[in-house]
1. I'd like the full set of residues that are away from chain B (no Cβ under 14 Å) and assigned to a helix (DSSP H, G or I), limited to the range A:21-51.
2. Within the group A:L375, A:L337, A:L319, A:L342, which residue is surrounded by 18 or more Cβ atoms within 10 Å (Cβ to Cβ), without any contact (Cβ under 8 Å) to a residue 60 or more places away in the chain and of a type in the set (A, V, I, L, M, F, W, C)?
3. Which of the residues that make up the range B:43-61 are touching a helix residue (DSSP H, G or I) at 6+ places or on another chain (Cβ under 9 Å), facing chain A (nearest Cβ under 7 Å) and assigned to a loop (DSSP other than H, G, I, E, B)?
4. Name every residue in the range A:479-489 that is within 13 Å of chain B (Cβ to nearest Cβ) and open to solvent by less than 10 Å² (accessible area, probe 1.4 Å), in order of residue number.
5. Restricting attention to the range A:425-435, report how many residues are open to solvent by 50 Å² or more (accessible area, probe 1.4 Å) and modelled with pLDDT of 90 or more.
6. Is there any pair linking a residue in the range A:1-26 that is open to solvent by 10 Å² or more (accessible area, probe 1.4 Å) to one that is charged (D, E, K, R) and part of a strand (DSSP E or B), with Cβ under 6 Å and at least six apart or on different chains, and which?
7. Select from the range A:395-411 the residues that are open to solvent by 10 Å² or more (accessible area, probe 1.4 Å) and touching a helix residue (DSSP H, G or I) at 6+ places or on another chain (Cβ under 8 Å) and write down the one among them that is farthest from A:A377 (Cα to Cα).
8. Hey, any hits in the range A:449-461 for a residue that's open to solvent by less than 10 Å² (accessible area, probe 1.4 Å) and away from every other protein chain (no Cβ under 14 Å)?
Amino acid sequence: MQEHSFNADMLIVGGGVAGLNAALSAAEKGASVIIMDKAVIERSGHTAGGIDHFGAFLNTGPEWDTRDAYLTYTVNSSRGATRPEVVERVYCDNLERAIVRFEKIGVPLHRPDGSYYRTRSYGQPGPWWINFNGKRLKPSLAAAVRKAGCTVLDRVVTADLLVTDGRVCGAVGFHIRSGEFYVVSAKAVTVATGGTNRLFTNPTGLSFNTWMCPANTGDGEAISFRAGAALANIEFLRMTVVPSGFAAPGLNALVGMGAKLINGLGEEFMSRYHPEGMNSPRYKLVEAVITELKARRGPVYMDCRHLDSEALNHLVTTLSYDKDTFGDFLAQKGIDLRNDLLEVAPSEGMQGGPNEVCGSGIRIDENCAATLPGLFAAGNCSDQNRSLHMAVTSGIHAGVGAIAFAENNGAAPRPSRTQVTDIRDRIFAVMKGGGQTSWKAFEDSLQRIITESLGPTRSAWSFKLASERLDRLAGWIDTVSCPTFHDLCRFQELYNIMTVARCMLAAASYRTESRFDLCHNRTDFPNQDDENWLGQVNVRKGDDGGPECRFVSVTYPEQEGGA
Amino acid sequence: MPPMIDREICNACGICEDSCPLDVIYMDSATQDPVIRYPDECWHCGSCRQDCPLGAIRIVFPLQMMVPAGILPY
């Protein structure tokens, strides 16, 4: 197979919103940048088809609209998972720059008259969500990146990072259609690959019918872990409420515009579960829906019929910004939100932080640096970032941080030829043929194991069972056969999902308490234990190659509040 | 089996192939027509439809999404 070699100041793994913002920041400073993405960056990652909201405090006067209010909410809603000093440097300090960048690329957050349309949800103290038309966010960002002179390697999936003398110095990948092999050396590497989907069984049986992009398969977390970097908040389960059958985003828009959940008996039930009712945290909404369904009071519906026509029109429009095909789904089901109830259900699970302001993944510091020299992380794959607003700000910040590292630390060490060959052999082993297992069968088994053990109820028993089964599943890797490079890409994704699954299992097993309700709900340790667990579980590769856990406590400025 | 491409309207420009974030759409090397090679891997994101300059693409949801069952898999 043909091999291509590249060299740059910074390599970016993943050309979504976070990665492309990192690229622009670095290119503005005159650095040479290479981006590797599994798809074509104009339409890749979670915002490929569009997005409709950006979280921001705007200092317009009220107390809820300030940096302090944002940080207080973040601490109170994410105690034990957030590190406010990182959020302040990464998000708060870069917020203005982020809003300006939207303007610069031609996708402004404001309306034509300059005002913002803002909505409130999930227990936030005020309407922080700016609604905007982000359908062309990715094409516009991609155009800016290409214009800035960045080298874009489209349809190249990153297989592993290269590490020499303890410093990350590049990565290798392959083209998902031709199989051509890429070796990139760089002074710094920024990983921005989103969260981990296709980790849990999909309720519809369609694995790619996921809330977040099904191409986001924990690649960044997995390659960083295998290279030796620490992951954090990786134990937490993330779920949402979706239209029954269609894992579309949109809960935020629905709740933000005043839609109500009702059960099969016609009862509004949220106030039974949380004092803030429909303005409760997302995981509370999910938990309530699950409980209603299990109590046989389903189906559960989203009711929009009481909204006035202006609110309804805005809602329908913004839902189509968030998921372009939302309207088609409703039309094909014969549902008109003005007159009909929309049946909803819990989504599939994924790996993710507890809420919209706290992430899960590669542990970063206030410069977006991972725990391994030369490695930076941005967006949903990093432990402190979540949602579009933090994808943009952390992208901007990681780009600046990575280039500063490159300038201060000089030329990267040469990648080791042995390491390149080892990774290459590992990747292409399943192309030899003769194996009886398809990646699809492998994925199905993996998802069943994880869904049984790491879902909304967990225990030491479920972890032990899953651990044994994952070991047995690993024994089947040699039997997988990939007839095309497209299939090989899917298998590489599964290899990464499996790495994340093992880390999630180790961290969930290690944290002997419950926290953030269904995000980490242990039947054997049902209570939150702030005395021992107010902080993060860090997961790092141990001597045997498996995950090793360590608890790192976090001190918070004030002790009141809670999720 | 989304997306569905209307061959009467499509001029085989190839834009949809690049728009798909999941590598589902391929331009057939023999006929030069777009082919939905991996329908099960569609995310229904609508990127291909948005980018089609001729409006030749429709999104049609499959049975499992129209008539969902087993909504609590755990």
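1. Start the filter on the range A:21-51 by keeping residues that are away from chain B (no Cβ under 14 Å), which leaves A:21-36.
A:N21, A:A22, A:A23, A:L24, A:S25, A:A26, A:A27, A:E28, listed by residue number.
2. Details: A:L375 fails: without any contact (Cβ under 8 Å) to a residue 60 or more places away in the chain; A:L319 fails: without any contact (Cβ under 8 Å) to a residue 60 or more places away in the chain; A:L342 fails: without any contact (Cβ under 8 Å) to a residue 60 or more places away in the chain.
On inspection, the qualifying residue turns out to be A:L337.
3. Passing the criteria: B:H44, B:C45, B:G46, B:I59, B:F61.
4. Start the filter on the range A:479-489 by keeping residues that are within 13 Å of chain B (Cβ to nearest Cβ), which leaves A:483-489.
A:H486, A:L488, A:C489, listed by residue number.
5. Total meeting the criteria: 2.
6. From residues that are open to solvent by 10 Å² or more (accessible area, probe 1.4 Å), the pairs are A:D9/A:K187.
7. Step one: list which residues in the range A:395-411 are open to solvent by 10 Å² or more (accessible area, probe 1.4 Å), which gives A:397, A:400-401, A:404-405, A:407-411.
The next check asks that each one be touching a helix residue (DSSP H, G or I) at 6+ places or on another chain (Cβ under 8 Å); those that pass are A:397, A:400.
Details: A:H397: 10, A:V400: 12 Å.
So the residue we want is A:V400.
8. No, the range A:449-461 contains no residue that is open to solvent by less than 10 Å² (accessible area, probe 1.4 Å) and away from every other protein chain (no Cβ under 14 Å).
The values are calculated or read from the model by the stated rules, or taken from the named source; none is laboratory data. Since this is a predicted model, take the numbers as computed values, not measurements. Cβ sites come from the backbone with ideal geometry, for glycine too, and all protein chains shown count toward neighbours. When the accessible area is computed, the model is the full protein with side chains, heavy atoms only, and any ligands, DNA or RNA have been set aside. Shrake-Rupley method; radii C 1.70, N 1.55, O 1.52, S 1.80 Å.
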